[in-house]
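Student: Quick one: this structure, given as structure tokens, is what I'll be asking you about.
The values are calculated or read from the model by the stated rules, or taken from the named source; none is laboratory data. Since the model is a prediction, treat every value here as computed from it, not as a measurement. Neighbour counts are summed over all protein chains in view; Cβ atoms, including those assigned to glycine, are modelled from backbone coordinates with ideal geometry. Only protein heavy atoms, including side chains, enter the accessible area calculation; ligands, DNA and RNA are left aside. Shrake-Rupley method; radii C 1.70, N 1.55, O 1.52, S 1.80 Å.
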2 protein chains.
Amino acid sequence: MPEDRKPKPVRRAARGRRGWESVEVHQYKQDQATPYEGVTRQVLFRDSRLKGELRYFEVAPGGYSTLERHEHMHAVLVLHGAGQCLVGDEVQKIGLHDLVTVPPWTWHQFRAAPDEPLGFLCLVDAERDRPQLPNESELEGLKASPAVRDFLGGR
Amino acid sequence: MPEDRKPKPVRRAARGRRGWESVEVHQYKQDQATPYEGVTRQVLFRDSRLKGELRYFEVAPGGYSTLERHEHMHAVLVLHGAGQCLVGDEVQKIGLHDLVTVPPWTWHQFRAAPDEPLGFLCLVDAERDRPQLPNESELEGLKASPAVRDFLGGR
């Protein structure tokens, strides 16, 4: 939904499949320089009269979001499927309706299970900074933890 | 979660029932002067570093939220069950994952189906005004529409 186009009061979820009838599906990143795999993005609520935005991301089985950090926070609720998340130096399994908090300046990545998609809502501030990618030394630092190394390697 | 208490990165959804293990369940309104029935409220994300808040409301079968309006917007996603909503002068059935937009200063109310709860996420600005209740003449105005009159009467 482009900002400020007046939405209908009710927009229907698609029946018999995931997603919404009237919400466009986008590639996760326009920028092809950032590594990710099998992720789509839908903007469920974006409005100049609202200070937060609600987006829906879906990671295909075995796929992953970009490993990144930024000043703005993420508030996440899993809506479909299962997977794992990295937040800081913690790796955790996540499933239906689990809540994930990504504090400011915290490395994070979401991975779908090998055999299930991972669909999640993500609340952010409408005004927010752009993500940073890890440099080599930061990546090595993250991999100091065996759990994080396994996670980043998709194991 | 009280504001600013550092949350764990992952908070689990309860398995085998609705809700979350570590999120307190509140009465919908502290103020008993506002009419509602069978509604609970849970704050999923509230943080001083986030400009939006995500709450979960659950309306028991046959119950309803307060009929009200305010300057701030509501952005709603149905998470469980089914029911109906009034937004302005429109009454619509809502079900799983449907999206409801309540623009500023728009009368609205949510009703669960007679035999199903209605659970929904609601995104609002953290800083927001207090709701107004309709006076008698505003209520009469709303009831000019037969669909709205039936909805308000719980039919």
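Student: With an 8 Å cut-off on Cα pairs and a minimum separation of 6 or more residues, tell me the relative contact order of chain A in percent.
Tutor: After rounding, I find 23 percent.
Student: Moving on to the next point. Based on the alpha-carbon gyration tensor of the stretch B:1-132, what equivalent-ellipsoid semi-axes (square roots of 5 times the eigenvalues) come out, in whole Å, largest first?
Tutor: 23, 19, 14
Student: Additional query: Could you state how much accessible area is buried at the A-B interface, both sides summed, with a 1.4 Å probe, in Å² to the nearest 100?
Tutor: Accessible area lost upon association: around 3800 Å².
Student: Follow-up question, since we're still on this one. Of all the residues in chain A, which one has the C-beta that comes nearest the axis relating A to B, and what is the distance in Å?
Tutor: Its Cβ sits closest to the axis: A:Gly52, 1.
Student: Taking the solvent-accessible surface of protein heavy atoms with a 1.4 Å probe, what is the per residue accessible area of the protein assembly as shown in Å²?
Tutor: Here the per-residue accessible area is 48 Å².
Student: For the stretch A:80-123, what D do you get in µm² per second when you plug the Kirkwood radius from alpha-carbon pairs into Stokes-Einstein at 37 °C and 0.692 mPa s?
Tutor: Answer from the Stokes-Einstein relation: 305 µm²/s.
Student: Over chain A, how many pairs of lysines fall under 29 Å by alpha carbon, counting only those 8 or more apart in sequence or from different chains?
Tutor: Lysine pair count for chain A: 8.
Student: Please report, as a whole percent, how much of the solvent-accessible surface of the protein assembly as shown comes from carbon and sulfur atoms (probe radius 1.4 Å).
Tutor: Solvent-exposed carbon and sulfur of the protein assembly as shown make up 47 percent of the total.
Student: Show me, for the stretch B:122-137, the HN-Hα J-couplings you get by feeding each phi into the Karplus relation (A = 6.51, B = -1.76, C = 1.60, θ = phi - 60°), rounded to Hz, glycine and proline as x.
Tutor: 9, 8, 9, 5, 4, 8, 8, 7, 8, x, 10, 9, x, 7, 4, 6
Student: Amide H of B:Leu44: which non-local residues (sequence gap of 5 or more, or other chain) have their own amide H closer than 5 Å, using H built in the peptide plane?
Tutor: B:Leu54, B:Arg55, B:Tyr56
Student: How much mean residue ellipticity at 222 nm does chain A get from its helices, if each DSSP H run of length 4 or more adds -39500 (n - 2.57) and you divide by all residues, to the nearest 500 deg cm²/dmol?
Tutor: So the calculated ellipticity at 222 nm is -2500 deg cm²/dmol.
Student: Using a 1.4 Å probe on protein heavy atoms, which residues of the stretch B:36-51 have at least 20 Å² less accessible area in the complex than alone?
Tutor: B:Phe45, B:Arg49, B:Leu50, B:Lys51
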